[in-house]
Every structure is written in structure tokens, then in C-alpha cells.
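Presented below is the structure to which this report refers.
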Amino acid sequence: MSHDPNLVSHLLSLSQRCTSMRELKTIHGRLLRLNLHLNTLILAKLLRFAAVSPSGDLHYAHTLFCHTPHPDTFFYNTLIRGYAKTASTSQPISLFTHMRRSSTPPDEFTFNFLLNACSRMLKLGEEIHGQVFKLGFSRNTHVQNALIHLYAANRFPEIARKVFDEMPQRDVVSWSSLVVAHVKARDLDSAKKVFDEMPERDVVAWTALITGFDRVGHFAEALVLFWKMQEAGVQPDEVTILGVVSACANLQDLEAGMSVHCYIEERGFSWMVALCNALIDMYSKCGCLEKAWAVFERMPRRSLVSWNSIILACALHGAGEEALRLFQEMTKEAGVRPDGATFLAAMSACAHEGWVVEGWRLLESMEREHGIPATIEHYGCMAGMLAHAGQLEAAYDLIMSMPVPSTEEVWRVLLSACKIHGNAAMRERIVNRLL
């Protein structure tokens, strides 16, 4: 049966411009009514949107795939790519098995998507690695890069290095992936050695090393690397700058932190919520509540972490009233649902101010009003409040009755308070309990 070429062209154009599942289903319905549902070109466009787009529907994509007669490599790759973004590893493997049984030839994209899907399960990844050799893709740079990424994600830098050494050709992604492999294994010396040998360095390599140094506590080295990155003319991304701000916070280096903040403003990164949250934390740790507050005030959009960070900053700097005001504003006016960290920050404000009654009210309202179970940190904070206020028996009873296991740290807080308040009898009870 022949069809009007203009109609086919029109439907193809609609499928290319599709922006929602509602539009996609309308186009698919027209294909079915006009008996055009076997047009693979239009189906390929619809499948790609349903499987890959953030507005797509993977289940519907699978249905489209199953109703496609003789799907080619593109169809298999598209659906495997969609599943690779989910937690499922069985579906991509199942599709690959079906692909091989139907004698549909895989290509480099097939293996890239498969290895990405298997990055959380090394055993399956190793099986795909075997297929890479068997089907002659062991000399393909992109596939080999995906293998390095697989072993890097699972913290096997030695195997990643073996893949790297056997590559006939390497690109900047190969080198950067090897740096990442050593960083994930916390082998910073090897990571730095590979980094120094790189003929060309991209933002991934710089970022991996900067965040790696930050995570192992080499904060000064992370900052030095960042400024060298600027000299090299490589533009950082959000992850890079998060690592640098974290390093400034841990060093409590206000001057460096302000320089990085200026860089963020100049490069137009100040709209990023995660970066603003990191800046609030950094200024708080550097003892500059005023600047932390200024960052919070200028944020066009705030997350739960934003509120938690500024409440904790106020609590740690003796601005207890402001911390509790923010807590009320967040829950009552801004409509943001608090979590355990929010309550711990608010209770810390009460602890700094010695507001025992308000601390009790917060602890009791956590589960009763918000359904948030209290942890040892919350009970420890409340016990510390009671102990410092001289209510040693109440603190002791709270620790003994709390529904979570006590820790040595909690008892030591009470032990210290016993010494301050001169309660030798309770001190002896606690020492015996600790022993």
C-alpha cells in the first residue's frame, strides 16, 4: 500500500520535533491508523525520544521496540542506552543477548552503553569485556575508554592500567579515565604521576585530582592545582569548584575562599544551588557569618541543604534566635520539609544558647509532627544540653531510655558535666558503666 510522501514527511518532521510523551503517543496513534506503524525511520525518532529524553517513558519505548519488525543496531543501542541510565543491569544484558541471537551486529556504541550499564556490577562488565575481544573491538579507542571507566568505577586501577597499556591509540579521555581510576582507589601518588605524563589535560583530569586531594585532606595541594588549572587556561566546571570551595572551608582560609567566590561570580556560576550551599558552609567555617548570610540572601533558588547550612551557620556563631527564626520561616512560610539535619542544626542553636525547653520541644516534635526518627546525634545533643544546664539526672535518664544504642562519646559528655558540676556519685556510675 502506497502513502502520500508529503504525509510521511510531515509525520517524520513531527517525530523529530516531539517534546512530550503526549505528542509522541498522538503521532504513534496516527501511524497506527494510517498503517504507517512499520515505518522504521519515524519509529526510530519516537523510540529515541521515549528511551533517552528526560521527558520520555522507558516502558513505552520498550513497547515500541517490541512492535518493530527486525530492529536494527540503532534500535537495540537506543533501548540499551535508555536502560543504562537506570539501576537495571539485567535489561541491557538481556537486550544484548537478544541482539546476538537475532544476528544483529553490535557496534562501538553498543559496548559503550553496555559497559556504562554494568559499571555497578563488575562481573557483568568483565563478561562484556570478553565480548569486546571476541567481536574485535579491542582496538577501538572509545570502547577501551569505556572499559577503563568500568574498572575505575569499581576501584581496580591495576586492570584499568592494563587496558590503557594495551591500547594502540589513546586520547585525552583515556588518560583522564586512568587518573580517575587511581583517584577513586585513593592512590594520589599514582594519579599525580599519570597526570604529569599527560600530553594534554582536560577538565576531567584536573577535577579528579583536585577533588581527590580534597577528599584525602590535602587541601593546600588542591588549591595550588586549581590556580595552576587557571594558568593552563582550562575552564573548571561545577564539580571542580565544589572541590576547591571545600578545600578553602577545611583550611579555614577566608582570603582564598573570597578569591574563589569572586571567580564564581565572574564566571556566572553563582546561580548554581550546590555552589552557593558550599559557599555558605565555607564562610561559616571561616568565621564569617555575615558573608554566609549574604550568599543565602542572594540565592535565586534554595534547597533543603541551603536552609540547613545557614541555620547551622547561625547556630555555630551564637545567633540562636536567628537560627530558630529561620527554622520557623523554612517550615511555615517557605514550605520546605525539614529533615534530621535541619533539626540537629536547630537543636545545636538551642545547645549554644542553653535553651533546654526549646531543645526538648524540637526533639519531641521531630517524630510526632514530622515523622522523622531521632538519631544518636539528636539524643546526644539533647543530653549535652541537659548536662551543661546541671540537669544530670535528666540527662542520664534520657541516655538510658533512648531507643538507639548509646555511644562512648555521649557518656563522655555527661562525664565531663559531672566534673564541672561536682557530682562525684554520678561520675562513678558512668565510669563503671563505661568500664
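The values are calculated or read from the model by the stated rules, or taken from the named source; none is laboratory data. Keep in mind it's a predicted model, so treat the numbers as computed, not measured. Counting neighbours? That spans all protein chains shown, and the Cβs are built from the backbone with ideal geometry, glycine included. Surface areas here come from the heavy atoms of the whole protein model, side chains and all, with no ligands, DNA or RNA. Shrake-Rupley method; radii C 1.70, N 1.55, O 1.52, S 1.80 Å.
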Worksheet item: Using a simple charge model, +1 on the beta-carbon of Lys and Arg, -1 on the beta-carbon of Asp and Glu, nothing else, what dipole does the chain show about its Cα centre, in debye to the nearest 20?
Response: 1580
Worksheet item: Once both axes come from the Cα atoms, what is the angle between helix 73-84 and the longest principal axis of the chain, in degrees from 0 to 90, rounded to 10?
Response: 10
Discussion item. If you fit an axis through the alpha-carbon atoms of helix 5-16 and take the longest principal axis of the Cα set of the chain, what angle between them do you get, 0 to 90°, nearest 10?
Written reply: 20
Discussion item. What FRET efficiency comes out for Ser90 versus Ala425 if R0 is 51 angstrom and r is the Cβ-Cβ distance? Round to the nearest 0.05.
Written reply: 0.25
Worksheet item: Any idea of the accessible area per residue across the stretch 376-430, 1.4 Å probe, to the nearest Å²?
Response: 51
Worksheet item: Given 0.36 nm per residue, what is the gain on full extension from Leu34 to Lys162 after removing their alpha carbon distance, in nm?
Response: 40.6 nm
Fill in: Neighbour cut-off at most 15 other Cβ (10 Å), DSSP loop, trypsin sites (Lys or Arg not before Pro), the stretch 14-47
Arg17
Worksheet item: If packing is taken as the mean number of other Cβ atoms within 10 Å per residue, what is the order of 260-266, 46-52, highest first?
Response: 46-52, 260-266
Item to complete: Can you list which of the chymotrypsin sites (Phe, Trp or Tyr not before Pro) found in the stretch 363-435 are DSSP loop residues with at most 10 other C-beta atoms within 10 Å?
Response: none
Fill in: Which listed pairs, of Lys285/Lys332; Lys25/Lys45; Lys45/Lys85; Lys85/Lys193, have C-alpha distances above 21 Å, in listed order
Lys285/Lys332; Lys85/Lys193
Practice prompt. Please identify every one of the trypsin sites (Lys or Arg not before Pro) in the stretch 278-321 that sits in a loop by DSSP and has no more than 16 other beta carbons within 10 Å of its own beta carbon.
Written response: Arg301
Worksheet entry | Simple spin-label estimate for Ser102 and Val52 in nanometres, 7 Å along Cα-Cβ | 1.8
Worksheet, complete the sentence: Of the accessible area of the stretch 215-368, computed with a 1.4 Å probe and all protein chains kept, carbon and sulfur make up a percent value of 52
Worksheet, complete the sentence: Of Gly340, Gly268, Gly217, the most mobile residue in a GNM of the chain (C-alpha springs, cutoff 10 Å) is Gly268
Practice prompt. With a 1.4 Å probe and every protein chain left in place, work out the accessible area per residue of the stretch 74-228 in Å², rounded to a whole number.
Written response: 47
Fill in: For the stretch 58-69, Karplus couplings with θ = phi - 60° (6.51, -1.76, 1.60), whole Hz, Gly/Pro x
5, 5, 5, 4, 5, 4, 4, 4, 5, 8, 8, x
Discussion item. Suppose only helical runs count, i.e. DSSP H with n ≥ 4. What mean residue ellipticity at 222 nm does that imply for the chain under -39500 (n - 2.57) per run, divided by all residues and rounded to the nearest 500 deg cm²/dmol?
Written reply: -22500 deg cm²/dmol
Worksheet item: If each of Val224 and Ser401 carries a label point 7 Å out from its Cα toward its Cβ, how far apart are those two points in nm?
Response: 5.6
Worksheet item: Using the Cα atoms of the chain to build a convex hull, what is its mean projected area in square nanometres?
Response: 28.9
Worksheet item: Normalized C-alpha radius of gyration of the stretch 178-277, against 2.2 N^0.38 Å?
Response: 1.02
Response to the item:
If one builds a Gaussian network model of the chain from Cα atoms under 10 Å apart, the most fluctuating residue listed among Met385, Met402, Met167 is Met402
Worksheet item: At Ser13 and Ser270, where each label point lies 7 Å from the Cα along Cα→Cβ, what is the point-to-point distance in nanometres?
Response: 4.5
Worksheet entry | Angle between the chain longest axis and helix 356-370 axis [Cα atoms, degrees, rounded to 10] | 30
